[in-house]
Amino acid sequence: THVAQVTNFRGIVLSKRHLTFSNTIEGFEKLERWIDGIGQKHRLKGLIIGMEPTGHYGYNLANWLADKGKSVVMVNPATTKRNKENRDNSPSKSDPKDALVIADVISRGYYYEYSRQAIVFQRLKTIMSDREFWVTNSVRLQNRIIRWLDIRFPEYFSVFKDWTCKRSLATLKKFPSPKDIESLSVSEVITGWREHMKRAGGSTGMQKAAQIIAQAKNSIGETTALNEAKQDLRWLLQEFERIVEILERIEKDIEVLLSEIPMAGHLRSIGLGTICIAAILSGAGDLSQYAHGRQLLRKAGLNLAESTSGKRKGQIVLSKRGDATLRKYLYLATLGLVGNHPVFRQLHENNVQVKQMKKQQSVFKLLGKLARIIVGIVQRGEAFSPEKAAPIYIQAA
């Protein structure tokens, strides 16, 4: 259910009471008739329709209005929250009051335009949102499996550092608890592995089999309710493998989708991976519409906020008023480049050793540089040039 209010450009309320309408085509048409009626009554020449981007509830209405040729804008929920006491000096909150506050702040120009991205960017945003959901589920499952091993077989990680490798998964499926493996021989363990993997033997297989048997014999793992626990582990492993398969399929779909976006090739020239590129484009949209890297930083909430008054100079912090997923992947992309790209590694070393910056401070400085590089190469339609990004050292004679 949506609620609407109308004010003129001075903030004076024009409607006798608020309009409540449903999130259906009948509700949208009811809103349109109501707006037209008020417009004719007060002889209004222009119209701006604003709303809060709270979750997914306004997508259908915003798109329907935009398709009708209406001017649709968005108001930051933080702006609504900070202005809700301006009209009645009361901290009370309700949908009609929020609608009135939104209309009021729009009359003062505190909004940004709502624009629908091209279809390919909308598809990319949808598939990346889907991927984030399955990644979150995968992490939760992995944590639960690790918890299971910590309780039932705490010595397991001394044999398999990475429990997701093929031999480890084969062990968990065939011999999940120390009781299942402590009385077996090396050849019996290898035979059991062959049911779930092809290359089970060899010197590595024999070594791992001997290690896991030795650890199982001296295990302090819990043995009560073992059958129920093993059944739980079977379900967890089945679900984990299903999600891994889903994520692999999603990554292939992302590769196909990125092949339809020419600017993705420019971002690859920097050294960014497929997922980072997809996350940046899904969060930022069409980068050719950006005039400067600062706009990309602001979109991600990576612009700086400073509290200064008189002689007092407060701490400079990130605003974090933006797309959290875009912020995360820009940061991860910068870390990856600092670790693997020679130019960014050189810039980082210069910041830390010559300019005496802290490492984290240098990373965020390079993040800003990355944002400028991304927007710059997309604007010019060219590949990344290491020579332009490398630091210039001047030695005085």
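The values are calculated or read from the model by the stated rules, or taken from the named source; none is laboratory data. As the structure is a computational prediction, the values presented were derived from the model and not from experiment. Positions of Cβ are generated from backbone atoms using ideal geometry, with glycine treated the same way; all protein chains shown enter the neighbour counts. For accessibility, only protein heavy atoms count, side chains too; no ligands or nucleic acids. Shrake-Rupley method; radii C 1.70, N 1.55, O 1.52, S 1.80 Å.
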Where does each of 330-341, 285-296, 131-142 land if you order them by average Cβ count within 10 Å, highest first? 330-341, 285-296, 131-142
Mind listing the phi-derived Karplus ³J(HN,Hα) values for the range 52-61, rounded to whole Hz, using 6.51, -1.76 and 1.60 with θ = phi - 60°, and x for any glycine or proline? 8, x, 8, x, 9, 5, x, 4, 5, 5
Ranking request for peptides 349-357, 95-103, 372-380, 251-259: highest mean number of other beta-carbon atoms within 10 Å first, then the rest in descending order. 95-103, 372-380, 251-259, 349-357
Contact order relative to length for the chain, counting C-alpha pairs under 8 Å separated by 6 or more residues, stands in percent at 12
The chain: antiparallel DSSP beta bridges as a percent of all, rounded to 5: 80
Rounded to the nearest percent, how much of the accessible area of the range 220-280 (1.4 Å probe, protein heavy atoms only) is carbon and sulfur? 52
Tally Lys and Arg at +1 and Asp and Glu at -1 over the other residues with C-beta under 13 Å from the C-beta of D150: what net charge comes out? +1
The set of residues whose placed amide H lies less than 5 Å from the amide H of G50, leaving out same-chain residues fewer than 5 positions away, is V73
Could you work out what % of the accessible surface of the range 96-168 is carbon and sulfur, using a 1.4 angstrom probe and leaving DNA, RNA and ligands out of the count? 55
Sorting check: for 211-217, 4-10, 23-29, which peptide has the highest mean count of neighbouring beta carbons within 10 Å, and how do the rest follow? 211-217, 4-10, 23-29
How much accessible area per residue does the range 247-392 have, in Å², with a 1.4 Å probe? 54
Cα centroid separation - the range 344-362 against the range 20-93, whole Å: 48
Counting each DSSP H run of 4 or more residues in the chain as -39500 (n - 2.57), what helix-only mean residue ellipticity at 222 nm follows after dividing by all residues, to the nearest 500 deg cm²/dmol? -18000 deg cm²/dmol
My understanding is that a pair violates if its Cα-Cα distance is over 19 Å; which of K299/K328; K16/K41; K299/K365; K125/K252; K161/K252; K30/K68 do that in this structure? K161/K252
In a shell of Cβ-Cβ distance under 13 Å around Q289, excluding Q289 itself, what net charge do Lys and Arg (+1) and Asp and Glu (-1) give? 0
Accessible area per residue, 1.4 Å probe, Å², for the range 148-201: what's the number? 50
